[in-house]
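Quick one: the structure is below, questions incoming.
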Amino acid sequence: MRAYVLDRYGGADGSRLTDVAAPVPGNGDIRVNVRAAGLNPVDFKFRQGKLRVIHRPKLPFVLGNELAGEVVAVGSDVRRFRVGDRVFARVAKDRGGAFAEQACVDQVYAALMPPDLDFAAAAAVPLAGLTALQALRDELRVGPGQKVFISGGAGGVGTFAIQIAKWLGAHVTTTASSRGEALVRSLGADEVVDYTSQDISAVKDRFDAGFDLIGGNTLDQMFDIMKPDTKIVSVAALPEPQTAIKDLDGRYGLAALFWIISTKIRSRAHRAKVSYRYLFMHPSGAELAALGELIEQAKLKVVIDRTFPFEKIVEALAYVESGRAKGKVVVTMS
Ligand SMILES: NC(=O)c1ccc[n+]([C@@H]2O[C@H](COP(=O)([O-])OP(=O)(O)OC[C@H]3O[C@@H](n4cnc5c(N)ncnc54)[C@H](OP(=O)(O)O)[C@@H]3O)[C@@H](O)[C@H]2O)c1
């Protein structure tokens, strides 16, 4: 089967589209005929080797983190799915494998696709959709009437986050350039701050919850506009000890490292009387099914910027790496 394989960390020249043996499902796995795979910044960051401190799979390694397709085989313990089911999934982080014509997925990470969704749209949901759901609902506990600030509303995660925050009943302020303003407003953003011309610290409102998709100076300025005793969750700045304990199975060595690298952000948060949490999203078939229901009920739209044929995956990843995508980027397999 065709697969996009990482041979060595670094630039695009360390990976190639090639033929490899199809994966064999374990007892709890389904084998999926992949019809589309979603792309995310984590794909090029992984390719660059930036996640090596957390995951260090043996190379060569088939890249790709989310997919949609048809089940073509099931392991002996699989009860949730049958051959022929249309499924979508955020695959296990240490397993990858979505950028391929066939992939094996643990049944607990997969869900049935909403019936009216096509494969490209379904493949765009898992990673970004689950990230937004887990940050806003579970970490920030956003509720009706709360004021939520989301930095980077026009990208893959942001387009889900705006809609999920609105579904939770919040008043949403987000940042976008003029290139993304119409899109974020169409998704329900109540206020839009043009980050190219306006300083976030100058925003007059004060917020109950902050979701940061940009990091750096953006996160730094977000601390100035939060109410005291509130929380910012970032998925784009630096991990802190809880990331290792809660999201990475209690790896205490990593917690110590994250404690050191997050010192500056944690002291900034302390001065602002705001708590800071860096979230690594987790795959979940059950939570994905909940997102599927929201899509079926027309409460959540999937925004796709561009779809590329699988053969053009290098170009597709370069487009994601440009940082300008509005919504999601997807590759489709024929
Ligand atoms: N920790 C986790 O589990 C996790 C999960 C998912 C994603 N992430 C991380 O979250 C970040 C966002 O992911 P994504 O998929 O949403 O990225 P993305 O789709 O590549 O984001 C692109 C969008 O960001 C906007 N943008 C760029 N710079 C901006 C700025 N300074 N302020 C506001 N908007 C800006 C761009 O709009 P313009 O073109 O208009 O500038 C573009 O529309 C990435 O760093 C990703 O690695 C982490």
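Listed residues ALA255, ALA325, ALA286; which is within 15 Å of the ligand (Cβ to nearest atom), among the small types (Gly, Ala, Ser) and either surrounded by fewer than 21 Cβ atoms within 10 Å (Cβ to Cβ) or within 27 Å of SER15 (Cβ to Cβ) (or both)?
Step by step, each of ALA255, ALA325, ALA286 is checked, and only ALA325 is within 15 Å of the ligand (Cβ to nearest atom), among the small types (Gly, Ala, Ser) and either surrounded by fewer than 21 Cβ atoms within 10 Å (Cβ to Cβ) or within 27 Å of SER15 (Cβ to Cβ) (or both).
Would you mind stating whether ALA154 is open to solvent by 20 Å² or more (accessible area, probe 1.4 Å), of a type in the set (Gly, Ala, Ser), within 12 Å of the ligand (Cβ to nearest atom) and not in a strand (DSSP E or B)?
Judged against the criteria, ALA154 is not a match.
Anything in segment 163-173 that is touching a Lys or Arg at 6+ places or on another chain (Cβ under 9 Å) and either open to solvent by less than 20 Å² (accessible area, probe 1.4 Å) or within 11 Å of the ligand (Cβ to nearest atom) (or both)? List them, or say none.
GLN163, ILE164, ALA170, VAL172, THR173
Check ALA256, ALA237 and return the single one that is hydrophobic (A, V, I, L, M, F, W, C) and in a helix (DSSP H, G or I).
Only one candidate qualifies: ALA256.
What single numbered condition from (1) more than 11 Å from the ligand (Cβ to nearest atom); (2) without any contact (Cβ under 8 Å) to a residue 40 or more places away in the chain; (3) surrounded by fewer than 20 Cβ atoms within 10 Å (Cβ to Cβ); (4) closer than 24 Å to GLY155 by Cα fails to hold for ALA189?
(3)
Would it be correct to say that ALA237 is open to solvent by less than 50 Å² (accessible area, probe 1.4 Å), without any contact (Cβ under 8 Å) to a residue 24 or more places away in the chain and within 16 Å of the ligand (Cβ to nearest atom)?
no
Just name the residue that is farthest from PHE280 (Cα to Cα) out of those in segment 201-225 that are touching a residue at least 24 places away in the same chain (Cβ under 8 Å), more than 9 Å from the ligand (Cβ to nearest atom) and in a helix (DSSP H, G or I).
Here the answer is SER201.
The values are calculated or read from the model by the stated rules, or taken from the named source; none is laboratory data. Owing to the predicted nature of the structure, the values given are computational and were not obtained by experimental measurement. We place every Cβ from the backbone using ideal geometry, glycine too, and count neighbours over all the protein chains shown. Side chains included, ligands, DNA and RNA excluded: accessible areas come from the protein's heavy atoms. Shrake-Rupley method; radii C 1.70, N 1.55, O 1.52, S 1.80 Å.
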